[in-house]
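The values are calculated or read from the model by the stated rules, or taken from the named source; none is laboratory data. The model shown is predicted, which means the values in this text are computed figures rather than measured ones. All Cβ positions, even for glycine, are placed from backbone atoms using ideal geometry, and neighbour counts span all protein chains on display.
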């Protein structure tokens, strides 16, 4: 879990300095959030272009980076342009992978393949469910912070997470593996 | 960390570095923000270098002046994920550096580029056109501008490229959404307006808000 709290605001950092320093990290965040390289690019481009226009206001925020990351999250959640076509395509491709996964006992030595397969399964989630998992397990935010970011209650966050994990069948796979390990 | 947390982190790590080229993204950001700024100022573009050479030079030393943090809520810096890959820096390409002052020519280019996108054309069509005109795909922006100029002159584009009506419609909505943001409203405002107007989501609110703003109609509240 994260333990770092607010660091002192660096004053006088220009948009260009900010973007140059943080763009790679923002892109990684967007790739994980969207699950789609091209969508991640579109989202980050759109967000940074708007952030540039109102940078003076953003740079006055307690945490400009948190502000921009929130913009990325919101942009992803409300993104419409070309999203549907891409998502349907991606999910369609990945459903085959999902089928391959069902019922299999996982080998720890095959962890990379497992991680890759799980990444593909993540594409079957709704945007909010995926966002909750990314914020909870990638960004390592508390449910309270996630609720604040998504503008919902903590109970809703837990509900999204629970449904997402159920969809991913992580619990059952975990149990299957434990069972297999106990038997061996 | 629990078991599924570990599994998910591993899954995120497998793909987190499959990012687009930051330099190319930055170049597009500068293009887009120039357009947004120009629209915001109503074509009255003054001064305002988008990216000065000095700033680029200074950016290489940023890791030293901006502290790293593992928390996205911290100020200025948050790596992609705690314990995950460190953030590599990138260096913007020279083409990402606009001229110190935006000239009437660059404004005309922006207008042409906008016309290209707003007509429903995109990157793929620009690539086709670039090949047709024997323009290097590294100068794809040149093809967009040239095509945009033809569109503004009501001329047909060569090479059989066709606009996508859905993209054109989408671009129109993007313009409304852009007007919404340019008026000073943000995502939180859009969420409130979606509730007020009983719309499905905040995007619809951005579009409706933008339409009202451009039509000079009153908004429920000020940004």
Subject >> Criterion: more than 7 Å from chain B (Cβ to nearest Cβ), within 30 Å of residue B:11 (Cα to Cα) and modelled with pLDDT under 90 - qualifying residue of A:39, A:33, A:26 >> reply: A:39
**OP:** Looking only at region B:172-184, decide whether some residue is outside any helix (DSSP H, G or I) and within 23 Å of the chain's Cα centre (by Cα).
**Re:** yes
Subject >> Among residues of region B:193-214, those that are within 11 Å of another protein chain (Cβ to nearest Cβ) and in a helix (DSSP H, G or I), counted >> reply: 8
**OP:** Name, by its number, the condition in (1) within 22 Å of residue A:33 (Cβ to Cβ); (2) surrounded by fewer than 17 Cβ atoms within 10 Å (Cβ to Cβ); (3) at pLDDT 50 or above that does not hold for residue A:146.
**Re:** (2)
